[in-house]
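S.K.: Before anything else, here's the structure in question.
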Amino acid sequence: MLPDIKSLTREEIETQFKDWKEPAFRVTQLLDWLYARRATNWDAMSNLPKALREKLRQQFSLQILELARKQGAGDTTQKFLWKLADGSFIESVLIPANPALYGEASDRHTLCISTQVGCAYGCKFCASGLDGWKRNLGVHEIIGQILAVERWHLLQPKEESLEPTANRVVNNIVVMGMGEPLANYDNLIKALKILNAPWGGGIGARKITISTSGLAPQIRKLAVEPLQFRLAISLHGATDEVRNRIMPVNRKYPLSELAAACEDYQKLKGRMITLEYILIAGINDSLEQTRPLATLAKRLYAKVNLIPYNKVEGLPWVRPADEVCERFLAALEKLEVTATLRREKGGDIDAACGQLRLKTERGMARSH
Ligand code: SAH
Ligand code: SF4
């Protein structure tokens, strides 16, 4: 299989074009076709000489994510299921920053992207890991999710469009879809550099958040990357006892090691970390957890993001009652921790990662 052109940085394309004795401005033209116009084939690149297009076609692929299924409509959360070239499925979720509850258009959008097909980490509550890990996404497949959503957006009829006049619809990226991003480290970082570059996606590093289940060595590696991405830790338990029960990764990198890596990250970057904490009834929602959670949050200068659990078909876990979530939040606030509680119903369209893929693949398996 040929390498995809979108897995190359500007410098790498420049080197290739120099080899071919192509003038430098051709690189700019090509990047414009890829990232500003989001071309879907070489023939569309009408200002590139035919001979150059032919050389490109022979050396590189130009893969496009195929929309297999979409849930959600209008200006609410929209979930995309993409079919990759090898027939695998991945998901991306487009979330309006300000859901247009009263009919106003919302112009800021966050795209939640995947980094792997499946996930090897097997957290007990998560749909992404249920059928195991299949493969890492390539650089072009990570980038392709943003391009495909923007292409889809531009094709919408005006009255249904999210933001009819703008060329760009994705302003923020959260790497919280399927897979463990830090287990696909090199492809992730290269893709994010391209999405951040002014010649590429043009999305500020501070508008890109990477979420990890706690791969301590890779957190240390991320700390010395020059770009200022935001970091979120999927904590979900403030003691080893709780984390061990629901997240197998904690046996490899227990809390002491994870916390030390986060502390170093925070010191080196000087940036605030977010601790994600899903509230699961009877598992991690007792007030006993709030004290160690507060201690950790303060040590890391972190804020805590409480998320009531989204039901996953086939798994026994349930979200606690609203009062339990509110009580947990109040207890943290009393301990002087900056915390938020997600109150909207995220469950309507299987918003938690991995669920749409699981449903589709299992549905297909049944119908075969
Ligand atoms: N593997 C990375 C990123 C993908 S998961 C990580 O674990 O951080 C993104 C977030 O969704 C994680 O915080 C994960 O714990 C959370 N999540 C998974 N299943 C969920 C569910 N059913 N309800 C709510 N959040 C869920
Ligand atoms: Fe993988 Fe993250 Fe799901 Fe855990 S929560 S199984 S690390 S995707």
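The values are calculated or read from the model by the stated rules, or taken from the named source; none is laboratory data. Please read these numbers as outputs of a predicted model, since none were measured by experiment. When we count neighbours, we look across all protein chains shown, and the Cβ atoms used for this are built from the backbone with ideal geometry, even at glycine. With ligands, DNA and RNA removed, areas are computed over all heavy atoms of the protein, side chains included. Shrake-Rupley method; radii C 1.70, N 1.55, O 1.52, S 1.80 Å.
S.K.: Across region 114-138, what is the total count of residues that are more than 12 Å from ligand 2 (Cβ to nearest atom) and crowded, with 24+ Cβ neighbours inside 10 Å?
M.R.: Result for region 114-138: 1.
S.K.: Being outside any loop (DSSP other than H, G, I, E, B), open to solvent by less than 50 Å² (accessible area, probe 1.4 Å), touching a residue at least 60 places away in the same chain (Cβ under 8 Å) and more than 16 Å from ligand 2 (Cβ to nearest atom) narrows it down to one residue among 194, 189; which is it?
M.R.: That would be 194, the only listed residue that is outside any loop (DSSP other than H, G, I, E, B), open to solvent by less than 50 Å² (accessible area, probe 1.4 Å), touching a residue at least 60 places away in the same chain (Cβ under 8 Å) and more than 16 Å from ligand 2 (Cβ to nearest atom).
S.K.: Being more than 19 Å from residue 126 (Cβ to Cβ) and not in a loop (DSSP other than H, G, I, E, B): is that true of residue 210 here?
M.R.: Spelling it out, it is not the case that residue 210 is more than 19 Å from residue 126 (Cβ to Cβ) and not in a loop (DSSP other than H, G, I, E, B).
S.K.: Here is a follow-up. Among 321, 302, 297, 261, which is the only one that is of a type in the set (Gly, Ala, Ser) and touching a helix residue (DSSP H, G or I) at 6+ places or on another chain (Cβ under 7 Å)?
M.R.: That would be 261, the only listed residue that is of a type in the set (Gly, Ala, Ser) and touching a helix residue (DSSP H, G or I) at 6+ places or on another chain (Cβ under 7 Å).
The rows are residues; the columns are (1) assigned by TED's automatic domain parsing to the domain that holds residue 192; (2) basic (Lys, Arg).
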site	(1), (2)
18	no, yes
21	no, yes
27	no, no
34	no, no
50	no, yes
79	yes, yes
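S.K.: Write out, first by first residue and then by second, each pair whose Cβ atoms fall under 8 Å of each other, whose residues are 6+ apart or on separate chains, and whose first residue, in region 287-300, is in the same structural domain as residue 234 (by TED's automatic domain parsing) while the second is part of a helix (DSSP H, G or I) and of a type in the set (D, E, K, R).
M.R.: So the pair list comes out as 287/327; 299/263; 300/263.
S.K.: Any idea how many residues of region 107-126 are among the aliphatic types (A, V, I, L, M) and in a strand (DSSP E or B)?
M.R.: Looking only at that region, the number is 2.
S.K.: What helices (runs of 4 or more DSSP H) completely inside region 216-297 contain at least 3 residues that are more than 16 Å from ligand 2 (Cβ to nearest atom)?
M.R.: Once the helices (runs of 4 or more DSSP H) in region 216-297 are filtered for at least 3 residues that are more than 16 Å from ligand 2 (Cβ to nearest atom), what remains is 216-223, 255-269.
S.K.: Taking the condition within 18 Å of residue 80 (Cβ to Cβ), part of a loop (DSSP other than H, G, I, E, B), assigned by TED's automatic domain parsing to the domain that holds residue 76 and modelled with pLDDT under 95, does residue 129 pass?
M.R.: Against the criterion (within 18 Å of residue 80 (Cβ to Cβ), part of a loop (DSSP other than H, G, I, E, B), assigned by TED's automatic domain parsing to the domain that holds residue 76 and modelled with pLDDT under 95), residue 129 does not qualify.
S.K.: Pull out all pairs, ordered by first then second residue, where Cβ-Cβ is under 7 Å, the residues are six or more apart or on different chains, the first lies in region 235-257 and is among the aromatic types (Phe, Trp, Tyr), and the second is outside any loop (DSSP other than H, G, I, E, B).
M.R.: So the pair list comes out as 253/216.
S.K.: Which residues, counting only those in region 1-26, are farther than 21 Å from residue 142 by Cα, part of a loop (DSSP other than H, G, I, E, B) and open to solvent by 60 Å² or more (accessible area, probe 1.4 Å)?
M.R.: The answer is 21, 24.
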